[in-house]
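Scroll down for the structure; my scribbles are underneath it.
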Amino acid sequence: MISSISSNSEQNLDQNNLPILSFLNNQRKRSIQYVKFKMQTVKVYKNFACYQVEVNEQGKIWIMEIRYSTLQQFYQKLKEYYDVKLTFPGKLFFGNLCPNNLKKRAIGIQQFLQELGSNYQLINSEVCSEFLAKQQHYGTHVIDLTEQEEFELDA
């Protein structure tokens, strides 16, 4: 009887050393970030504009209100740390608040954010996580679909 107990424990040890189990355990520890961005509106102030972007982080939806210059700094940091090519709208020296330029820039920012959201390496990077955490702190919380256990559909 004692020999059967020791052989069972040896089998358990062998199972823990299997490469596939080790791989699966490591996968459980990793957090995979899923983020979607959607441009909402542009708020024009006296001498600058803010872009309101809906952010969906794995069901947690919030609004980020951000200036072009803040996004440009974030973009530069990404370029510095990671060797990736993302589309980012160019800087304007005149006419920043012109409706046509604001529209073009909003489209460019949306394209940049879509590329960012679809790039697994970047969206899961420490630089991006820190940026999103800071923006979420200042952002507006809208809804958290991950906390809702039940919901009813209207008939």
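Which entries in the list LYS38/LYS134; LYS46/LYS103; LYS43/LYS85; LYS46/LYS79 go over 25 Å, if you measure between the two C-alpha atoms of each?
Violating the 25 Å Cα-Cα cut-off are LYS43/LYS85; LYS46/LYS79.
Out of the range 60-117, which chymotrypsin sites (Phe, Trp or Tyr not before Pro) are coil in DSSP terms and have no more than 11 other C-beta atoms within 10 Å? Can you show the working numbers first?
Working: sites: TRP62, TYR68, PHE74, TYR75, TYR81, TYR82, PHE93, PHE94, PHE112; in loops: TYR82, PHE93, PHE94.
Answer in residue order: PHE93, PHE94.
What length, rounded to one decimal in nm, is gained on full extension from TYR138 through to GLN114, with 0.36 nm per residue of separation minus their alpha-carbon distance?
Contour length minus Cα-Cα distance gives 6.5 nm.
Could you point to the residue in GLN52, GLN111, LEU97 farthest towards the positive end of the range 34-144's charge dipole, with +1 and -1 charges on the Cβ of Lys/Arg and Asp/Glu respectively?
Checking the options against the dipole of the range 34-144, the answer is LEU97.
P(r) for the range 46-155, please, calculated from all Cα pair distances in 10 Å bins and given in %.
For the range 46-155, the binned pair fractions read 12, 41, 30, 12, 4, 0 percent.
Only the coordinates and a few stated rules stand behind these numbers; no lab work does. Quick caveat: nothing in here was measured; it's all calculated off a predicted structure. Glycine gets a Cβ as well: all are built from the backbone with ideal geometry, and neighbour counts include every protein chain shown.
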